[in-house]
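First up is the structure itself, then whatever we jot down about it.
FYI, it's all coordinate maths here, none of it is from the lab. Everything numeric in this text was worked out from a predicted model, so none of it was measured. When we count neighbours, we look across all protein chains shown, and the Cβ atoms used for this are built from the backbone with ideal geometry, even at glycine.
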Amino acid sequence: MTIPGPIIDITLALGREDAPWPGDRPFALEGVPTSPCGGRTSTLTMSAHCGTHIDTPAHVMDAARTLGDYAPADFLLPAIVVDVGDAALVTAQLLQDAAIHPGDAVLLRTRNTRHGLPGDRIFRTDFTALAPSAARLIVERGARLAGIDGPSADPFDAEDLPAHHILLGAGLPIIENLNLHAATPGRYILCCLPLSIPDAEASPVRAVLWPDTPR
């Protein structure tokens, strides 16, 4: 397989660049020596929502789809990175002119990236997120996945998580905590495979982009 152009890693490094959601179990790595000759066996503890991670409908809805209800191909998609400027909230108006195609992953590059939020190990509550109107537009355009460069698709103080319910209710997984510093606006191929934990509502991912060139 020939990949046209550089691979862009859009994943936060766990334990180095992630800031857990308040109350969630933070990432921890403990290495235990395996023998007198050296080597180790590590133990990981963390929330399923640590770092760059993917949410499925079961995150906000009972008896809804989990990771096991998605195929690997659902996480290998054409993608568009959309820069929405310095808005405090992403609205439908900001996405109106974006060239979102049916089947796309829509990745939102917000002021979070410019303000250094992805990768800041201190959790901040003033991150940019989606208004319900933006979530509805993404669904109406036929997207298959949505992502954002902040810890949640909804604002920190959102009680009913409307953006989550709109996107996940339509079956669109959500990637949160994307590291889009090196991703300029444009079209790409996205690969963001979660761990194979069939009953889980979320999982860390290793998300990468590469340019989507016309054939």
So for the pair E140, E159, with labels modelled 7 Å out along Cα→Cβ, what separation do we get in nm? 2.7 nm
Counting other beta carbons within 10 Å of each residue's own, what order do E17, E140, E201 fall into, fewest first? E140, E17, E201
Segment 1-86: trypsin sites (Lys or Arg not before Pro) in DSSP loop, at most 14 other beta carbons within 10 Å: R16
Between D24 and D199, what is the FRET efficiency for a Förster distance of 25 Å, r being their Cβ-Cβ separation, to the nearest 0.05? 0.85
How far is it, in nm, from the label point at S35 to the one at A64 when both lie 7 Å from their Cα along the line to the Cβ? 4.8 nm
Testing the spin-label approximation: label points 7 Å from Cα along Cα→Cβ at A13 and R124. State their distance in nm. 2.0 nm
Restricting to the chain, what percent of DSSP beta bridges are antiparallel, rounded to 5? 70 percent
Among T213, T11, T91, which comes first, then next, by fewest other beta-carbon atoms within 10 Å? T213, T91, T11
Normalising by the residue count of the chain, find the relative contact order in percent from Cα pairs under 8 Å and 6+ residues apart. 32 percent
Whether segment 90-142 is rounded, prolate or oblate, judged on the alpha carbon gyration tensor where a/c under 1.5 counts as rounded: prolate
Once you order the gyration tensor axes a ≥ b ≥ c over the Cα atoms, which shape class does segment 83-215 get: rounded for a/c under 1.5, otherwise prolate or oblate by comparing a/b with b/c? rounded
